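One structure is given here, and the rest of the page talks about it.
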Amino acid sequence: MRNGFIAVIALAAVAAVLVGQANVSYSQGEAGLRVGVVNVKEVFSNYAVAKQFEAEVEKEKTAAQEEINGIEKEMKDLMAEIQILEPNSALRLEKEELLLQKDTLRKFKSERWKAITLKRINENTAKIYNAIRDQVDAYAAEQGYTLIFKVETPRLEEKSEESANKRVNMRNVLYSSPTMDLTAIITQQLNAK
């Protein structure tokens, strides 16, 4: 029993020495260790290039929706015409065929716009993210940062459980001091270009 007690004390002493050495080495290296954080989502929201792209997509969406709405109005008018025509008449069959063509056109335009827009969004998101990364890299090198982490807003405000779980699992940093936040600096430098 006495040997076990001595072993515990010896182990505690060794641990204390190691912890002390670790603290000394960390303190010595602390001057060289600079850590920052950037809220990439916030940079996207405030980056002028991203805002411009978002406005372009919204304008295109409005134009596409107006075109689709026009086709839907033509379809509605055709349906009203078809209702008053004799069943199986040549004119009615012609209008029904035209209605099917309009419906096919509406679906095609809608799906095509979605596919093209999704591709553009993915391409531009990658370009914008790479510009942000390049700016973060340049700033880190210029200012002597060792690590810069991506952070998100501190609170989750997800409505669906699946979305909340996904966000929790993707979270990289649970806490960072506001003094470490480089988001505004990075955004300002990107917008100055």
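The values are calculated or read from the model by the stated rules, or taken from the named source; none is laboratory data. Treat the numbers as computed from the prediction; the structure is a model and nothing was measured. Cβ sites come from the backbone with ideal geometry, for glycine too, and all protein chains shown count toward neighbours. Please note that ligands, DNA and RNA were not included when accessible areas were found on the heavy atoms of the full protein model with its side chains. Shrake-Rupley method; radii C 1.70, N 1.55, O 1.52, S 1.80 Å.
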The range 130-146: number of residues that are out of contact with any helix residue (DSSP H, G or I) (no Cβ under 7 Å at 6 or more places or on another chain) and not polar (S, T, N, Q): 9
Criterion violated by ILE132 - all others in (1) at pLDDT 90 or above; (2) of a type in the set (A, V, I, L, M); (3) open to solvent by 50 Å² or more (accessible area, probe 1.4 Å) satisfied: (3)
Subset of the range 135-150 [open to solvent by 80 Å² or more (accessible area, probe 1.4 Å), in a helix (DSSP H, G or I) and of a type in the set (A, V, I, L, M, F, W, C)]: ALA141
Matching residues in the range 89-123 - criterion: being of a type in the set (Ser, Thr, Tyr), within 24 Å of THR62 (Cα to Cα) and open to solvent by less than 80 Å² (accessible area, probe 1.4 Å): SER110, THR117
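Residue-wise test of (1) at pLDDT 95 or above; (2) out of contact with any Leu (no Cβ under 8 Å at 6 or more places or on another chain); (3) part of a helix (DSSP H, G or I); (4) not hydrophobic (A, V, I, L, M, F, W, C).
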position: LYS95; (1), (2), (3), (4): no, no, yes, yes
position: GLN101; (1), (2), (3), (4): yes, yes, yes, yes
position: THR125; (1), (2), (3), (4): no, yes, yes, yes
position: PRO154; (1), (2), (3), (4): no, yes, no, yes
Some residue of the range 169-181 being among the acidic types (Asp, Glu), open to solvent by 90 Å² or more (accessible area, probe 1.4 Å) and either part of a helix (DSSP H, G or I) or modelled with pLDDT under 90 (or both): no
Tally, over the range 66-88, of residues that are closer than 18 Å to SER110 by Cβ, free of Cβ contacts under 8 Å to residues at least 12 places away in the same chain and surrounded by 15 or more Cβ atoms within 10 Å (Cβ to Cβ): 0
Residue check, LYS166 of a type in the set (Lys, Arg), modelled with pLDDT of 85 or more and not in a loop (DSSP other than H, G, I, E, B): no
